[in-house]
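In what follows, a single structure is set out as structure tokens and then discussed.
The values are calculated or read from the model by the stated rules, or taken from the named source; none is laboratory data. Here the structure is a predicted model, which is why all the values come from computation and not from measurement. Virtual Cβ from ideal backbone geometry, glycine too; neighbours counted across all protein chains shown. Accessible surface is based on the protein model in full, side chains and every heavy atom, while ligands, DNA and RNA are left aside. Shrake-Rupley method; radii C 1.70, N 1.55, O 1.52, S 1.80 Å.
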Amino acid sequence: QVQLVESGGGLVQAGGSLRLSCTASRLTFSNYAMGWFRQAPGKEREFVATISRSGLTPLYQDSVKGRFTISRDNTENTVYLQMNSLKPEDTAVYYCAAGTFGTTSAMYTYWGQGTQVTVSS
């Protein structure tokens with residue numbers, strides 16, 4: 001089965017940084033856009049960032065633009081989310097997904113199980 005495994009979550013103080021990784025297996029990685037979504041308690045899952053198959057085109061939710069950077073390494077079948085200047089409102093479970101380049105959950109076919117990011121105030 002296709003498997004996406006996130007790592008790198010944790011507890012960090014406001015203003016700090018984390019780097020999330022998501023490694024895919026049993027997937028022709030370069031054929032898929034990769035996205036990051038997040039879900040806070042009591043809220044719906046929301047788009048964070050996505051990157052095209054080639055890695056040439058990143059897109060971000062406005063609230064993270066300038067703070068987060070999405071990148072991918074097709075050689076390692078891995079997508080990254082570098083998160084800087086973290087804010088308490090960034091606290092959520094972060095999920096990576098593989099699918100069609102876009103900003104909605106419906107455009108993604110495969111999902112990881114998520115990694116917790118907690119930002120203390």
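Looking at this structure, is residue 38 at pLDDT 95 or above, of a type outside the set (A, V, I, L, M), within 18 Å of residue 113 (Cα to Cα) and open to solvent by 70 Å² or more (accessible area, probe 1.4 Å)? In short, no. For the range 101-114, filtered to residues that are surrounded by fewer than 14 Cβ atoms within 10 Å (Cβ to Cβ) and not β-branched (Val, Ile, Thr), the residue that is nearest to residue 41 (Cα to Cα) is 113.
Just one residue in the set 5, 12 is open to solvent by less than 40 Å² (accessible area, probe 1.4 Å), assigned to a strand (DSSP E or B) and either touching a Lys or Arg at 6+ places or on another chain (Cβ under 6 Å) or more than 17 Å from residue 100 (Cα to Cα) (or both); that residue is 12.
In the condition set (1) more than 18 Å from residue 111 (Cβ to Cβ); (2) surrounded by 17 or more Cβ atoms within 10 Å (Cβ to Cβ), residue 66 is compliant with all but (2).
Looking across the range 85-100, the residues that are within 20 Å of residue 34 (Cα to Cα) and open to solvent by less than 70 Å² (accessible area, probe 1.4 Å) come down to 90, 92, 93, 94, 95, 96, 97, 98, 99.
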